[in-house]
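Here the structure is laid out as structure tokens; the discussion comes afterwards.
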Amino acid sequence: QVSLVESGGGLVQPGGSLRLSCTASGDIPRDYSVSWMRQAPGKERKFVAQLAPGGIDIYAAFVEDRFTISEDAAKNTWSLQMNSLKPEDTARYYCLMRSGDHEYWGQGTQVTVSP
């Protein structure tokens with residue numbers, strides 16, 4: 001079993017930045033990918049970014065080069081640096097680890113972008 005804990009959310013003004021972190025503990029599989037997902041109130045959960053094995057990073061189109069996903073393997077931590085935040089980025093952000101047929105989710109961290 002894997003436990004994921006997100007942190008770093010908060011209230012930020014438009015144009016500001018936040019850095020989200022996701023720390024894993026437990027029986028971390030050898031092969032996995034880590035994604036950030038987000039869910040706005042009343043909307044479906046959406047893909048934001050993924051760091052796949054080999055260091056390949058993939059982003060949703062709406063990211064528009066504003067976000068960067070990275071990994072600190074020694075700390076079992078993945079980060080999402082978010083710059084130039086917009087009000088439409090307001091959502092709860094979740095960390096997702098996939099390994100084979102298994103999915104592990106964190107509890108999420110709230111990001112609110114507002115003047």
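Restricting to strands (runs of 3 or more DSSP E) lying wholly in the stretch 1-105: which have 1 or more residues that are at pLDDT 95 or above, open to solvent by 60 Å² or more (accessible area, probe 1.4 Å) and basic (Lys, Arg)? Counting at least 1 such residues, we get 18-26, 46-52, 91-99. Under 7 Å by Cβ, and 6 or more places apart or on different chains, what pairs join a residue from the stretch 23-39 that is over 14 Å from Gln50 (Cα atoms) and without any contact (Cβ under 8 Å) to a residue 40 or more places away in the chain with one that is polar (S, T, N, Q) and open to solvent by 30 Å² or more (accessible area, probe 1.4 Å)? Within 7 Å, the pairs are Gly26/Gln1; Gly26/Ser3; Asp27/Gln1. Only one of these is of a type in the set (Phe, Trp, Tyr) and closer than 18 Å to Gly10 by Cα: Tyr32, Tyr94. Name it. Among Tyr32, Tyr94, only Tyr94 is of a type in the set (Phe, Trp, Tyr) and closer than 18 Å to Gly10 by Cα.
The values are calculated or read from the model by the stated rules, or taken from the named source; none is laboratory data. The structure presented is a predicted model; accordingly, all values stated were derived computationally and were not measured. Every residue, glycine among them, receives a Cβ derived from its backbone with ideal geometry; neighbour counts consider all protein chains shown. Just so you know, the surface numbers come from the protein's heavy atoms only, side chains and all, with ligands and any DNA or RNA stripped out. Shrake-Rupley method; radii C 1.70, N 1.55, O 1.52, S 1.80 Å.
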